[in-house]
Amino acid sequence: MDDTKCMVNLAKFYLGFTVDESCGKCTPCRIGTKRMLEILEKITEGEATLEDLERLETLAKTIQKASVCGLGQTAPNPILSTIKYFKDEYLAHINNKKCPAKECKALLSLSINSEKCKKCGLCAKNCPVGAIKGDREHGYEIDENICIKCGACQKNCHFSAIS
Amino acid sequence: MSDLVKLNIDGIDVEVPKGTTVLQAAKQINIDIPTLCYLKEINAIGDCRICIVEIEGRRGFVASCIQQVEEGMKVHTNTKNVVEARKIILDLILSNHNRDCLTCVRNGNCELQTLAMKFNVKGIEFEGAKTEHKIDDLSPSIVRDFSKCILCRRCVSTCKNVQKIGAIDCAQRGFESCISTVGNKSLNNVNCTFCGQCITACPVGALREKDSTDIVWEKLKDEDTFVVVQTAPAVRAALGEEFGMKIGTNVAGKMVTALKKLGFDKVFDTNTGADLTIMEEANEFVERFKNGGTLPMITSCSPGWVRFIEMNYPELLDHLSTCKSPHQMFGSILKSYYAEKEKIDPKKMFVVSVMPCVAKKFERQREEMKNGELDDVDAVITTRELARMIKQANIEFTQLEDSSFDDPMGEATGAGAIFGVTGGVMEAALRTAYETITGKELKEIDFESVRGKKGIKKATIKIGDADVKVAVAHGLSNARKIMDEIKEGKADYQFVEIMACPGGCIMGGGQPIRSSKERSEYDIRKLRADCLYDIDEKSTIRKSHESPVMKKLYKEYLEKPGSHKAHELLHTSYHKREKYDL
Ligand code: SF4
Ligand code: SF4
Ligand code: SF4
Ligand code: SF4
Ligand code: SF4
Ligand code: SF4
Ligand code: FES
């Protein structure tokens, strides 16, 4: 598999389909898949705990065995196999609040490397939400609370000072 | 080939007929498997997954309510895996449930609550988003609150398969699934008959009667209002259940005491209204029979049924008896004859009917159910609502002494009592029609052929020289069969009784709600019916036309059945009704 892909995000992507496809007849699939998706969202947003990961696994196994049809029974597969083979990625999201593949936007954290920065101010000019504070004399800094992780500053910086 | 299947459940060998489900087989050896969506004879669709078990050799869990037994099967109903999975499934259901038990009508009688208790639920593990729903309270009879719905579909199966109405079905998909009507309209604007059978099928508080207790309390407190209550035959056969008494206990005496304690000025018996209905209906039948009127004549005392025919067979409305239902007749008499006699201003009178029925709430407010400006009946409360009022007033129901209904409208006949059960109206009417037509005494007064649970019962009764063919149908799917026969000209009956609810009013939509488990264990219909037949059997007078109350009423006021006055007060008319108002 492409190692630049975030496995948690991939599992979430597949699960999104099943949640939409669930016919809604049986409880595990109707409510369970929705709850799995909610937990995955929590993980990709860096808000999950190790306990959530455990809950996710238990829930996934129950849905596999208790759903009426193949759709519900296979819905947890992407989750269970990514947990099995890429557990460190899950852990990185949960413990370090980092997405190793840099896909999960909520976990991206951009900062300006003051050594590379030439204090040109292009980043600040291109930031759509005004998250970059500073001036050409003192240099620039990203306010994490305002930043929406759009990546515009990074793209516009000619000196690769933002990462 | 043997028709018995041997299997092993939790280490116990058991032999059951082919076609038995694992759930039923387990029950035979007293192994209790929890259920939620299962409802005996009505809903076995395996969707809630609470009843899952493990079967050796199967990968996943299996729903025991739909899994049929197989030779040599080894079933485990209580392993750690099963118990944990059930707990998670229950947790998921609760996570999308409005867990407002304290203000819920089903608090204390809810299958979900019972399960939560049984599973020792201490918190919700999988809390998350909840589906959003509006409350539908536009109909006069039924309130639907889908924040309480667990999508068991017991209501859908009842409406679609038992009643064959199909007013409700599952809509949307996945997490957004919900029970809906055509165009997601209120039940008030679709083909619903207000029979209320969906309410008694619902395991939780998602479906309920429209509560009318507030207005009744208000009137009871108002010194200027003369508040009269009447109770339908079927109520006394079931009210006790709300207080833990055995199914089928006749609690008429305690009920009257309780109503007096609640502060009603007079407590009357709708059975007397039923006697009156028989007087009018038997007379109407004899008239039609003798004079070539529209036959078969069909009874009109079940408002769920009346709403059904108005929507589905408007071209056959001429067949419907013009008689109002017993409680409407009685209300009308209370506000005329009784008010005059007792010198009470009928405008200051408030008539409350305690009914086994939610359709009566709709019937009460029909334009036709009036005498001049005055409604015949001012409020209808169900058996369940009366039980709540009694509890609210801190009355220890089971400890009450008996008392009797108030005179002069008190003593009703046995014929009035059996109105509450399928076949009862027919039986009561035949007792009177027979003697009216022949002028001879009817010796054998129990018409066994119209009793019992068969959906459609037919009989030929010799009245004088004539053979009168009658049919009795209960449940709207059976009503439809009879109506199709009539429509196609294939019916040779002269008299037909139809009740909307399977079993008749004893199983009405306003009666105490019994859990799926109880419905599997007891024949509730039979126990309640036996109670009414017992009342009839023990009555000194068992024919409506022999009732002293009737004799007096006709002598002093109505003159004779079918008189001008009787028509004014006791008869009504019907009209075509659109099924959908979209
Ligand atoms: S598992 Fe199948 S039956 Fe159950 S809700 Fe999903 S799609 Fe429907
Ligand atoms: S990532 Fe976007 S929002 Fe954040 S600082 Fe850069 S330009 Fe501004
Ligand atoms: S439906 Fe049952 S569990 Fe839900 S709030 Fe009402 S009583 Fe409680
Ligand atoms: S009241 Fe009767 S007709 Fe109406 S939805 Fe319920 S079961 Fe169907
Ligand atoms: S309304 Fe009641 S009976 Fe109908 S699906 Fe919901 S919970 Fe089940
Ligand atoms: S059968 Fe009885 S309870 Fe049912 S709708 Fe008719 S009158 Fe009401
Ligand atoms: S699946 Fe068997 S009771 Fe619901």
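A count restricted to segment B:53-89 and to residues that are in contact with a Cys (Cβ under 9 Å, 6 or more places away or on another chain) and facing chain A (nearest Cβ under 9 Å) stands at 3.
Among the residues of segment B:90-99, is any outside any helix (DSSP H, G or I) and either touching a strand residue (DSSP E or B) at 6+ places or on another chain (Cβ under 8 Å) or open to solvent by 60 Å² or more (accessible area, probe 1.4 Å) (or both)? Can you show your working first?
Here is the first cut: in segment B:90-99, the residues outside any helix (DSSP H, G or I) are B:96-99.
Among the residues that remain, those that are also either touching a strand residue (DSSP E or B) at 6+ places or on another chain (Cβ under 8 Å) or open to solvent by 60 Å² or more (accessible area, probe 1.4 Å) (or both) are: B:98-99.
Yes, segment B:90-99 has at least one match.
Taking every residue in segment A:131-142 that is over 16 Å from A:SER111 (Cβ atoms) and pairing it with any residue that is surrounded by 14 or more Cβ atoms within 10 Å (Cβ to Cβ), at least 6 positions away or on another chain, the pairs with Cβ-Cβ distances below 8 Å are A:ASP135/A:GLY121; A:ARG136/A:LYS119; A:ARG136/A:CYS120; A:ARG136/A:GLY121; A:GLU137/A:LYS119. Evaluate the following for B:GLY128: is it modelled with pLDDT of 95 or more and within 14 Å of another protein chain (Cβ to nearest Cβ)? In short, yes.
Within segment B:562-582, being in contact with an Asp or Glu (Cβ under 7 Å, 6 or more places away or on another chain) and open to solvent by 40 Å² or more (accessible area, probe 1.4 Å) holds for B:LYS565, B:SER573, B:TYR574, B:HIS575, B:LYS576, B:ARG577. Away from ligand 4 (no atom under 14 Å from the Cβ) and either away from every other protein chain (no Cβ under 14 Å) or surrounded by 22 or more Cβ atoms within 10 Å (Cβ to Cβ) (or both): does that describe B:VAL204? Taking the combined requirement at face value, the residue satisfies it. The strands (runs of 3 or more DSSP E) located wholly in segment B:140-223 that include 1 or more residues which are more than 16 Å from ligand 6 (Cβ to nearest atom) and of a type in the set (S, T, N, Q) occupy B:178-180. Just one residue in the set B:GLU41, B:GLU56, B:GLU84 is more than 10 Å from ligand 7 (Cβ to nearest atom) and in contact with a strand residue (DSSP E or B) (Cβ under 9 Å, 6 or more places away or on another chain); that residue is B:GLU56. Only one of the listed residues (B:GLY196, B:GLY166, B:GLY183) is away from ligand 3 (no atom under 16 Å from the Cβ) and open to solvent by less than 10 Å² (accessible area, probe 1.4 Å). That residue is B:GLY196.
None of B:ARG153, B:ARG173 is under 26 Å from B:HIS474 (Cα atoms), basic (Lys, Arg) and within 16 Å of ligand 1 (Cβ to nearest atom) except B:ARG153.
Among the conditions (1) within 14 Å of another protein chain (Cβ to nearest Cβ); (2) surrounded by fewer than 21 Cβ atoms within 10 Å (Cβ to Cβ), the only one that A:ILE63 does not satisfy is (2).
Here is the figure for segment B:33-56: residues that are without any contact (Cβ under 8 Å) to a residue 12 or more places away in the chain and away from ligand 5 (no atom under 16 Å from the Cβ) total 0.
Any residue in segment B:131-151 that is touching a Pro at 6+ places or on another chain (Cβ under 8 Å), within 14 Å of another protein chain (Cβ to nearest Cβ), within 15 Å of ligand 5 (Cβ to nearest atom) and at pLDDT 95 or above? Looking for residues that are touching a Pro at 6+ places or on another chain (Cβ under 8 Å), within 14 Å of another protein chain (Cβ to nearest Cβ), within 15 Å of ligand 5 (Cβ to nearest atom) and at pLDDT 95 or above, one finds at least one in segment B:131-151, hence yes.
Among the criteria (1) away from chain A (no Cβ under 12 Å); (2) surrounded by fewer than 20 Cβ atoms within 10 Å (Cβ to Cβ), the one B:CYS110 does not fulfil is (2). For segment A:75-90, the criterion of a residue being touching a residue at least 12 places away in the same chain (Cβ under 8 Å), within 14 Å of another protein chain (Cβ to nearest Cβ) and polar (S, T, N, Q) is satisfied by at least one position.
Could you please find all residues in segment B:534-549 being surrounded by 21 or more Cβ atoms within 10 Å (Cβ to Cβ) and either more than 19 Å from B:ILE247 (Cα to Cα) or of a type outside the set (Val, Ile, Thr) (or both)?
B:ASP536, B:ARG542, B:LYS543, B:SER544, B:HIS545, B:SER547, B:VAL549, listed by residue number.
The set of residues from segment B:167-201 being within 14 Å of chain A (Cβ to nearest Cβ), among the hydrophobic types (A, V, I, L, M, F, W, C) and within 22 Å of the chain's Cα centre (by Cα) comprises just one member, B:ILE179. Could you tell me whether any residue of segment B:446-457 is touching a residue at least 60 places away in the same chain (Cβ under 8 Å) and more than 22 Å from B:GLN197 (Cα to Cα)? No; the residues of segment B:446-457 include none that is touching a residue at least 60 places away in the same chain (Cβ under 8 Å) and more than 22 Å from B:GLN197 (Cα to Cα). Filter segment B:18-47 for residues that are under 26 Å from the mean Cα position of the chain (by Cα) and at negative phi and give the result. Matches in segment B:18-47: B:THR35, B:LEU36, B:CYS37, B:TYR38, B:LEU39, B:LYS40, B:ILE42, B:ASN43, B:ALA44, B:ILE45.
Of the helices (runs of 4 or more DSSP H) that lie entirely inside segment B:523-582, those containing 2 or more residues that are free of Cβ contacts under 8 Å to residues at least 12 places away in the same chain, closer than 30 Å to B:GLU342 by Cα and of a type outside the set (Asp, Glu) span B:564-570. Condition check: away from ligand 1 (no atom under 16 Å from the Cβ), more than 30 Å from B:CYS170 (Cβ to Cβ) and assigned to a helix (DSSP H, G or I). Does A:ILE39 satisfy that? Spelling it out, it is not the case that A:ILE39 is away from ligand 1 (no atom under 16 Å from the Cβ), more than 30 Å from B:CYS170 (Cβ to Cβ) and assigned to a helix (DSSP H, G or I). So which residues in segment B:21-47 are open to solvent by less than 10 Å² (accessible area, probe 1.4 Å) and either within 16 Å of ligand 6 (Cβ to nearest atom) or at the interface with another protein chain (Cβ under 10 Å from one of its Cβ atoms) (or both), if there are any at all? Hits for segment B:21-47 are B:LEU36, B:CYS37, B:GLY46, B:ASP47.
The values are calculated or read from the model by the stated rules, or taken from the named source; none is laboratory data. Keep in mind the model is a prediction, meaning the values are calculated, not measured. Methodologically, a virtual Cβ is constructed for each residue, glycine included, from the backbone with ideal geometry; neighbour enumeration extends over all protein chains shown. All accessible areas refer to the heavy atoms of the entire protein, side chains included, with ligands and DNA or RNA removed. Shrake-Rupley method; radii C 1.70, N 1.55, O 1.52, S 1.80 Å.
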